[in-house]
Amino acid sequence: MDFIYVPYHLDEHLCDFDLPFPEGSEVTEIRVDLPTGEVWSRLVRLYDDVAELVAKTARDGSIPSVVSGDCTVSIGMAAGLQRAGFDPAIVWVDAHGDLQTMETTPSGYLGGMALRFLLGYRSDAIAGPLGLRPPAEGRVVLVDARDLDPAEVEHLDSTPLRRLAVEGLSADDLPEGPLLLNLDLDTLNPDERLGARYQAEGGPDLPAMLRALGTVMGTGRVAALNVACTWDSGKTVYDDARRRALAAVLERVVHTR
């Protein structure tokens, strides 16, 4: 299996999420009958399936390579790696911090809390039911994260979690041990015309992103990765640019893992 395809944005199935996987790739799609009710039980149901498939793939000696609609999928991936006996550090490449909480968020958007949930916030909601043991914040790096809210800045100032730049990223900057890489394509500069749900001014171009991806993959320590296509599905005018950018990223994954 080359890729795990998770066509969801949070608990919403993306029925028109047509992606350019490299020709000849073996792609396994996760499709789940989600329960009715609150979003937490729906996410746990979805991410438990993600965790099981990630764990099986990792036990078989392959690198689980997920393509999804948002970063919260990485919570299930971390649980899956732990089920397979890995203790992953986290490399979180994103234009945003994803460190908001229910108490500090200005938008209420759960995707803006993805890394915070992975680190154990509100463990009763997602991490606990998945059996996830949150990694120590000293084993987590944020790459880019140029669009931070004041509460996220305050949190970063009070923890050992580090921020790194995309340009000039070095393998020496990364945490030790196996790595879970979360790569949100909204990290790319809006000039790349991907139509992200939450765009942030500035940021790297595609060649810089590919170099950073190659650096992380080139360590030989990536145990799993999630390529998060956090796109506004209503903005189909961007589809060609999106497909070109994602195709380039997936080709780099194939050639460096």
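The values are calculated or read from the model by the stated rules, or taken from the named source; none is laboratory data. The model shown is predicted, which means the values in this text are computed figures rather than measured ones. Cβ: placed from backbone, ideal geometry, glycine included. Neighbour counts: every protein chain shown.
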Within segment 63-98, which residues are closer than 21 Å to THR187 by Cβ, touching a strand residue (DSSP E or B) at 6+ places or on another chain (Cβ under 8 Å) and among the aliphatic types (A, V, I, L, M)? ILE63, VAL66, VAL67, VAL73, MET77, ALA78, ALA89, ILE90, VAL91, VAL93, ALA95
Given the conditions (1) under 28 Å from ARG252 (Cα atoms); (2) modelled with pLDDT under 95, which single one is not true for GLY108? (1)
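Scan the strands (runs of 3 or more DSSP E) fully inside segment 147-257 and keep the ones with 3 or more residues being buried (at least 20 other Cβ atoms within 10 Å of the Cβ) and either in contact with a Ser or Thr (Cβ under 9 Å, 6 or more places away or on another chain) or at pLDDT 95 or above (or both).
179-184, 222-228
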Looking only at segment 69-94, which residues are of a type in the set (Gly, Ala, Ser) and either assigned to a helix (DSSP H, G or I) or within 17 Å of the chain's Cα centre (by Cα) (or both)? GLY69, SER74, GLY76, ALA78, ALA79, GLY80, ALA89
Counting only residues in segment 40-68 that are among the small types (Gly, Ala, Ser) and not in a helix (DSSP H, G or I), the one surrounded by the most Cβ atoms within 10 Å (Cβ to Cβ) is identified as SER68
Those residues of segment 25-47 that are of a type outside the set (A, V, I, L, M) and within 21 Å of TYR109 (Cα to Cα) come to a total of 9
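May I ask you to say which residue of ARG133, ARG146 is in contact with a helix residue (DSSP H, G or I) (Cβ under 8 Å, 6 or more places away or on another chain) and not small (Gly, Ala, Ser)? Don't jump to the end; show me each part of the working.
Values: ARG146 fails: in contact with a helix residue (DSSP H, G or I) (Cβ under 8 Å, 6 or more places away or on another chain).
Going through ARG133, ARG146 in turn, the sole match is ARG133.
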When both residues are 6+ apart or on different chains and their Cβ atoms are under 6 Å apart, which pairs have a first residue that lies in segment 23-36 and is assigned to a strand (DSSP E or B), and a second that is at pLDDT below 95? THR28/MET1
